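As structure tokens, the structure follows; a few thoughts come after it.
Derivation of every value follows stated rules applied to the coordinates shown; laboratory data play no part. None of the values given here were measured: they were computed from a predicted structure. Quick reminder, even Gly has a Cβ in these numbers, built from the backbone with ideal geometry, and neighbours come from all protein chains shown.
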Amino acid sequence: MTQDRAAALAAIAQQVRECKLCRLHEKATNGVPGAGTVDAEYMFIGEGPGFHEDQKGLPFVGRSGDYLESLLKLIDLKRDQVFIANVVKHRPPDNRDPMPDEMLACKPYLDQQVEIINPLVIVTLGRFSMGRYFPNGKITQIHGQPKYDNARAYYPLFHPAAVLRNPGLIKEMEADFKRLPEVLAKVKELRAKGGSPKSDNPNDDPPQPPKQLSLF
Ligand code: URA
């Protein structure tokens, strides 16, 4: 079945590369569908490709990517053991923020990737991916606080680029990152029991149920 899932993921990647659903493809060099293993326990979701990602068609391969890799190392992981994606899959010109209609156009791709990978922990990097799962969340208040729902954890983190710009955040980022294995263990326990605990963050709205997968 892993093969079928990998094929479904590859089909989405191809659709992303050919995607013209919003204006972002016009100025982009390559679509950046996401990369990693279909069997990932952790899925990291960033904002959108930057210059280097656009050149290579791969997520987080610039400075932020180097930093993300060093963070993964803190918990003994390499990037090919997780899945890394973005909220928008083509580079916003001049690295501007993605616009709401661009994020909406790209949403089915990310929804389908989540559905196929079925990660135990979704780690949001920065405010745009955080907004998908914590619509009322403020990153400075909720970073590092897992929300458990449907036997999955949603874990908001600062964006690596924001930490690089503001080294005062490094300690908090590393401490948040090092708690990931604990969060994963809790989800595994939950799945074994077939239950779901209440959120650690009672002010948050529950995430939306996954959409029907159109590729199967
Ligand atoms: N920043 C992101 O949010 N995503 C990338 O892929 C690279 C930098």
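Structural remarks
- Cross-link reach list, lysines versus Lys73, counting only Cα pairs under 18 Å and skipping chain neighbours closer than eight places: Lys171, Lys178
- Coarse-grained scattering of the chain at q = 0.12 Å⁻¹, given as base-10 log I(q)/I(0) from a Debye sum over alpha-carbon atoms: -0.59
- Cα-based reach from Lys20 at 16 Å (exclusive), listing lysines while leaving out same-chain residues under 8 positions away: Lys89, Lys107
- Straight-distance crosslink candidates among aspartates and glutamates, where the alpha carbon sits under 19 Å from Lys56 and sequence neighbours closer than 8 are dropped: Glu18, Glu26, Glu47, Asp66, Glu69, Asp80, Asp94
- Formal net charge of residues neighbouring Pro92 (Cβ-Cβ distance under 15 Å; K, R +1; D, E -1): -2
- Charged-residue dipole, Cβ positions (Lys, Arg, Asp, Glu), the chain about Cα centre, Debye nearest 20: 80 debye
- Put in order of Cβ neighbour count within 10 Å, fewest first, the listed residues Arg17, Arg96 become Arg96, Arg17.
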